[in-house]
Amino acid sequence: MERSEKFSDYLFAKMGPHNGTTTVNGTELPPKTTERSEAPVELTGWRKWFHENLMLLVTLSGVVLGVALGFSLRPLKLHADSIMLIAYPGELFMRVLKLMILPLIISSLIAGSASLNAKMNGKIALRTLVYFTTTSFFNACLGIALVLLIHPGDPGMHNTADRSADSRSANLLDSLLDLGRNVFPDNLFQAAFQQAHTVYVPKPSIRSVFNDTVNQTSLMDDVADEPPEMIRVVQYRTGTNTLGIVFFCLVFGTLLGTIGQKGQIVIDFFSAVFEVVMRMVTCVMWLTPVGISSVIAGKILGVNDLNLVMSQLMWFIITVAIGVCIYQFIVMQAIYFVFLRRNPFKFYAGLIHALLTAFATASTAAALPITFRCMNDKLRVDQRITRFVLPIGCNINMDGTALFISIASIFIAQMSGMTLGFGELVTVLLTSTAASMSSASVPSAALVLLLVVLTAIDAPVQDVTLLFAVDWFVDRIRTTNNMLGDCYAAAVVEQLSKKELMALDAAVIYQELPISTPNGHISIDGQTDLDIKVSIPDSVIVDLNNAVNANGSTIKRI
């Protein structure tokens, strides 16, 4: 009986009192440490909404402040040095974001593909590529339909004096071959800072070789009489070859997941790297208002004659904006509802922060860390899918770029007075889709790809220079399509892969369960539960079958 009373006193001491004090044998015990701390007050109403969307409001304030600052300072006609100082914080902000792109892509792809089996990786990759190709093709069709309907190109705007003497050759074959060269790099370390691309150089001849050894000026007139023959040469230019890195990481992670426990330490390492980078992103996010406002203000102040540019190319900007809005608010929402049967605008609202970041930076890759945070933390999309789809999407899926290239190519043809037939329109459709999937995730990369489409339809490539004045703004609009396309692709692929993901989870749980013997006993490392002796002190055993609650405040042992 005495032992029973001691046990009940011990049990009450461990459980703690309801009123904050404990009395054992007439002695009042001090309250536990956890009882001294007050429980956090749960926010409700507008305070809860403000707390959850604080970072979104901060980012939005940065965009508004940048636009207001840029337009308010334009009448002052600031010096170039002043504009550079205003844009300098934004430059540092962009550099920090770009700093995290490479470790984020490497760690997310390896950890994501290793968490799935090889067959699962193949299915997800196939679904992802089919989705990306279909949406890019649709955006190219949408762009062609809008530019033919609105007809923004006015032949009166065409000014031959603005034409440059740029005679670069560009075709779709070179673009596709360069895509293959970058997907399969010959040096992984070189791929971290250089990309392969095709350039045209004069073909070396006996005269040119002789020209290097003899007086060059004496033969200059003879050489200039004949136009040199141009040949293809594969060279390397500055820029991270993310396509090659993505391919290597996919293969490496897939094979890493097939070697079992031997590769677990490597998987844990890259998972830890991913978590560290995401914590760095959280710190950088608080610099968002300063960085974004600086970037936008610097771009607005850097345009020479904003009114003239906007008046001349306003219909072109409106055409691109209409296409972006149709795809974002109608097509993407319909795709999400058809596949997931949920409210698509809630999903869209969860991506506003990443959307504003992509708009400000004009780069899907620069906004990738913020996109990961929105998809994983706020929208709760499976991390195995986001780590697989998002890095691939920011390099391949360019829905907004396909829309822009199709509109811009026909816009330039309309300014030149060209009449495009059905064959030329099909050529624009196919080349825009193919060129967009080989686009680099950097600002203004689409202008380089536009040369490919213009060459295919024999349009004046020199008129691309007309779009440089408004590309700083149009690039930001179309980048939001690229970023949202990646996120909606991840949601759709996750829904289509639900059965495989559940089967994979079940297989992992089954492998972690102990194996049962035929007589029903659990076998652990060859020993059954009858062979294993477990020693548990009597003081921590509570038999709930022999305990009854007499009056809600005392426990009587029977």
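The values are calculated or read from the model by the stated rules, or taken from the named source; none is laboratory data. Computed from a predicted model, the values in this text were never measured in an experiment. Don't worry about glycine lacking a Cβ; one is built from the backbone with ideal geometry, like all the others, and counts go over all protein chains shown. Just so you know, the surface numbers come from the protein's heavy atoms only, side chains and all, with ligands and any DNA or RNA stripped out. Shrake-Rupley method; radii C 1.70, N 1.55, O 1.52, S 1.80 Å.
For this structure, a couple of remarks:
- Restricting the calculation to alpha carbons of the range 318-363 gives Rg and Dmax of 11.9, 32 angstrom.
- Taking θ as phi - 60° and the Karplus parameters 6.51, -1.76 and 1.60, the scalar couplings of the range 408-417 work out to 5, 5, 6, 4, 5, 5, 5, 5, 7, x Hz in sequence order, x denoting glycine and proline.
- Radius 15 Å from Cβ of residue 286, net charge of other residues (Lys, Arg +1; Asp, Glu -1): +2
- Translational diffusion coefficient (Stokes-Einstein; Kirkwood radius from C-alpha pairs) of the range 253-395 at 10 °C, 1.306 mPa s, in µm²/s: 87 µm²/s
- Distance in nm between pseudo-label sites at residue 498 and residue 54 (7 Å out along the Cβ direction from Cα): 3.5 nm
- Shown are 315, 46, whose ranking by accessible area with a 1.4 Å probe and every protein chain present, most to least, is 46, 315.
- Note on residue 232 and residue 379: the extension gain reaches 48.2 nm, defined as 0.36 nm multiplied by sequence separation minus the Cα-Cα distance.
- Accessible solvent surface per residue of the range 249-320, calculated while the other protein chains remain in place, 1.4 angstrom probe, Å²: 53 Å²
- Debye log10 I(q)/I(0) for the range 386-483, one point scatterer per Cα, at q = 0.11, 0.20, 0.24 Å⁻¹: -0.31, -0.93, -1.25
- Accessible-area composition of the range 310-443, carbon plus sulfur, in percent [1.4 Å probe]: 67 percent
- The radius of gyration of the Cα set in the range 67-151, together with its Dmax, comes out at 22.2, 62 angstrom.
- Pairs from the list 346/498; 378/499; 77/378; 48/77; 203/299; 48/123 with a Cα-Cα gap above 32 Å: 77/378; 48/77; 203/299; 48/123.
- Rg and Dmax of the range 296-377, Cα atoms only, in Å: 16.2, 48
- Accessible carbon and sulfur surface of the range 227-279 relative to its total accessible area, %, 1.4 Å: 65 percent
- Residue separation of residue 506 and residue 150 scaled by 0.36 nm, minus their Cα-Cα distance, works out to 122.8 nm of gained length.
- Extension reserve of the residue 422-residue 73 stretch, reckoned as 0.36 nm per residue once the Cα distance is removed: 120.9 nm
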